[in-house]
Amino acid sequence: MAASANFKKLLIHVCDIRRNSTEPPPKSGSGEPTPNWSSQPAAHEDVRLRFVEKSETIANRAEGFPVVKRHLALFPTGTDVLVTDVIDNVRLLADGSVVDAGPFRITNVYRRNAKREGHHMSATLERAE
């Protein structure tokens, strides 16, 4: 079962999904992969979603720890989104005004079911500032 018409009405945002196409991604000083997402072309543009702010964790800023913001993104079933992707340029569908430029790292992707059939997908997003 595809997402219901009522669910689709909730998808009031659009975003761009970026996928790292550099093989392998550049490494940081600690050896961690650090792709330059801003230089990656959008794998998908104008993807419909519902973008919801979930929490903000403020560590000791005096010690230099970042503020971590967590969001939830709801997508129609079948949206091509992976935990290795980044979401940015979140805008209102109605007028294109920017809600949040991002980028947001995807930490989890879940398939949500209704009556044992795919209803929608949700993704947990995170950004450190």
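Laboratory data are not the source of any read-out in this text; all were calculated from the coordinates shown. From a predicted model like this one, the values you see are computed outputs, not experimental measurements. Here Cβ is always computed from backbone atoms with ideal geometry, including for glycine, and neighbour counts include all displayed protein chains.
Please state the relative contact order of the range 63-110 as a whole percent: Cα pairs under 8 Å, 6+ residues apart? All intermediate terms of the calculation are to be shown ahead of the outcome.
Numbers: 43 pairs, mean separation 15.7, N = 48.
In percent, rounded to a whole number, it is 33.
Ranked by the mean number of other Cβ atoms within 10 Å per residue, highest first, peptides 73-86, 4-17 order as 73-86, 4-17.
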